[in-house]
1. At 25 °C and 0.890 mPa s, what whole-number value in µm²/s does Stokes-Einstein give for the translational diffusion of segment 82-123, with Rh from the Kirkwood sum over Cα pairs?
2. Based only on Cα atoms, what Rg/Rh ratio does segment 130-275 have, Rh being taken as Kirkwood's radius?
3. So for the pair residue 7, residue 37, with labels modelled 7 Å out along Cα→Cβ, what separation do we get in nm?
4. More than 15 angstrom separation, counting every C-alpha pair in segment 1-82; what % is that?
5. Using all alpha carbons of segment 99-196, what is the percent of pairwise distances in each 5 Å bin, ordered from the shortest bin to the longest?
6. Per q in 0.07, 0.08, 0.14 Å⁻¹, report the Debye log10 I(q)/I(0) for the chain, using one uniform scatterer on each alpha carbon and no solvent.
7. Let me know the volume per residue of the alpha-carbon convex hull for segment 134-190, in Å³.
8. As a footprinting exposure proxy, order 225, 258 by other Cβ within 10 Å, with the fewest listed first.
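Each value in this text was obtained by applying a stated rule to the coordinates, not by laboratory testing. Quantities reported herein were computed from a predicted structural model and do not represent experimental measurements. Note that we place each Cβ from the backbone using ideal geometry, even for glycine, and neighbour counts take in every protein chain shown.
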Ligand code: MF3
Ligand code: CO
Ligand code: CO
């Protein structure tokens, strides 16, 4: 399958799906509290996505390969040393100091919107806060590279440079991806690399950037459930994700939340369709 360019109609549907995915993260924020389980967060998101938004939660029963069991929940919840694809469960309550990634993907009218963010439960450690902030900066620096004529390697380079400059490491085994009618379309969007290498970006491309940054070594391991990815050294990890559209002049963040309107004065990263 080749990289698809989205036409005006597809872009409009991607905008809607992106906005809906972002709204799930905003909705769930007040529920992320000490004492709650990720299973409860999953049920709240599932009901909101299906009943309020009339969307399909893309992760539920997602099975990219027959070798893997279908994913058993509607969101991914990745806690502390879990890199990604954490399965919501009722076996443990969130507690003060935890860091949690919630990854939401909704399907509306056939099109996918995919986004994730980190949440602090109570007060994070100094390291946890720094890791989460640097990882968010990695996402924004990657986004800042996105414009027609730029190359995928420019994105990876910007992310890797920032993460490693802070003595953190970039997970290599997982990457961002094209998105549209498919959950995971080409191209693969690596979070490391060299400038002026890889695919050249064109207006109409839609893809995610979703850096996974580790406090310790970059090595990861998959748990026997065949989904949960953890750091080998069990040190902390963080991830943030947006779905983007390459526009004629730069990019549009399809999953932007209201809180990101003027984050760090980086307003220009978030030009809207009309800008
Ligand atoms: N949302 C994840 C991504 O960013 C994919 C999750 S697949 C699942 O690509 F099956 F684990 F939900
Ligand atoms: Co994704
Ligand atoms: Co995602």
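1. Roughly 202 µm²/s, to the nearest whole number.
2. 0.97
3. My value for the distance between the label points is 4.8 nm.
4. 67 percent
5. 3, 12, 19, 22, 20, 14, 8, 3, 0
6. Result of the Debye calculation: -0.22, -0.29, -0.96.
7. 84 Å³
8. 258, 225
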